[in-house]
Amino acid sequence: MKKGGLKILGLALLIIFASVCMVACSTAPKTETQNTAGTYNRTEIITSSTEAKQLLIDGNKRFTENKLLNDDISDTRLKGLSTNGQHPFAVIVSCSDSRVPPEVIFDQGLGDIFVIRDAGNVIDPVVLGSVEYGAEHLHAPLIAVLGHEGCGAVKATVDGGETPGSIGAIVEKIKPSMEKAKSTGATSTALYEKTADENIKAAIAAIEKSHIIKELLDEKKVKIIGAKYHLETGEVVFSE
Ligand SMILES: [Zn+2]
């Protein structure tokens, strides 16, 4: 009787142990073998702006279709990036808006895109220096200026009013684009969006003024494009 009781207790403990193991295994940290959706792992160095743009288009398509690939965050990948350095295929200047993170909306992983963000995606010397670094030093063949619908920095500029602290510096950068937009007769929401579009063009023009970028453009080593993110659909529309 005593022996039988011990047997039952042993069996019960075995079942509990097996259940705990199953739960632990199913919640274990993500490893390379568990990536069922496929892993995004770009190893080759991209030197063509056309190819780079296509990677952004493809990534945004995966994003809008909710088919994001798992980023390769394996030890091998991290070690490779540490040893071999970074070779991003695009420099992206985008707004800081929390709804528009370039790595997410283009479904890109570690080492893929060189991102510079500020409210309103405006260009100042620090931003321009970062763009130059990405294009000239890291040899990214594509520069994309990414604006978006419903931009708060654009709205603040168009609506006017007080701009405390250093926010005024952003508004001053966007004002010329607002004046251009106004000259087209645009009003209300259309004025916001037209200003955002002009602001993307203004950023491209500011980047083109850099003599480093100008040289790279002349040598056809880099291309600059504009892009706009649509909040409701998640789609990025490129200017060309
Ligand atoms: Zn914005």
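The values are calculated or read from the model by the stated rules, or taken from the named source; none is laboratory data. Since the structure is predicted, the reported quantities are computational estimates derived from the model, not experimental observations. Ideal geometry is used to build each Cβ from the backbone, glycine not excepted, and the neighbour counts take in all protein chains shown. For the accessible areas, the whole protein counts, side chains as well, though only heavy atoms, and no ligand, DNA or RNA atoms are used. Shrake-Rupley method; radii C 1.70, N 1.55, O 1.52, S 1.80 Å.
Data overview
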read-out	value
The stretch 91-162: trypsin sites (Lys or Arg not before Pro) in DSSP coil with no more than 13 other Cβ atoms inside 10 Å	Arg99
Cα-based shape type of the stretch 78-132, given that a ≥ b ≥ c are square roots of the gyration tensor eigenvalues and the cut on a/c is 1.5	oblate
Protein-only accessible surface order, largest first, of Ile204, Ile212 at 1.4 Å	Ile212, Ile204
Accessible surface of the stretch 35-238 [probe 1.4 Å, protein heavy atoms]: carbon and sulfur percent	53 percent
Amide proton proximity set for Gly120, modelled H, under 5 Å, gap of 5+	Ser96, Asp97, Ala153
Those aspartates and glutamates that a straight Cα-Cα span of less than 14 Å connects to Lys201, excepting residues fewer than 8 apart in one chain	Glu179, Glu193, Glu240
Neighbour net charge for Ala206 - beta-carbon separation under 11 angstrom, K R +1, D E -1	+1
Global geometry of the stretch 97-200, whether rounded, prolate or oblate, following the gyration tensor of its Cα atoms and the 1.5 cut on a/c	prolate
Rough spin-label spacing in nm, given labels placed 7 Å along Cα→Cβ, for Ser82 and Asp124	3.5 nm
Efficiency of FRET from Cβ geometry, Ser183 and Val104, R₀ 35 Å, rounded to 0.05	0.50
Net charge over other residues, Cβ less than 11 angstrom from the Cβ of Gln108 (K, R count +1; D, E count -1)	-3
Accessible-area order (highest first, 1.4 angstrom probe) of the listed residues Thr233, Thr195, Thr47	Thr47, Thr233, Thr195
All-pairs alpha carbon distance profile, the stretch 35-238, 10 Å steps from 0, percent	9, 34, 34, 18, 5, 0
Flagged links, alpha-carbon separation over 24 Å, of Lys180/Lys228; Lys182/Lys223; Lys182/Lys214	Lys182/Lys223; Lys182/Lys214
Length gained when the stretch Lys175-Lys155 is fully extended (0.36 nm per residue, less Cα-Cα span)	6.1 nm
Length released on extending from Leu231 to Ile57, taking residue separation times 0.36 nm less the Cα-Cα span	61.0 nm
Ranked by how many other beta carbons lie within 10 Å on average, peptides 158-171, 175-188 from highest	175-188, 158-171
Computed label-point distance, nm, for sites Glu240 and Asp218 using a 7 Å Cα→Cβ extension	1.8 nm
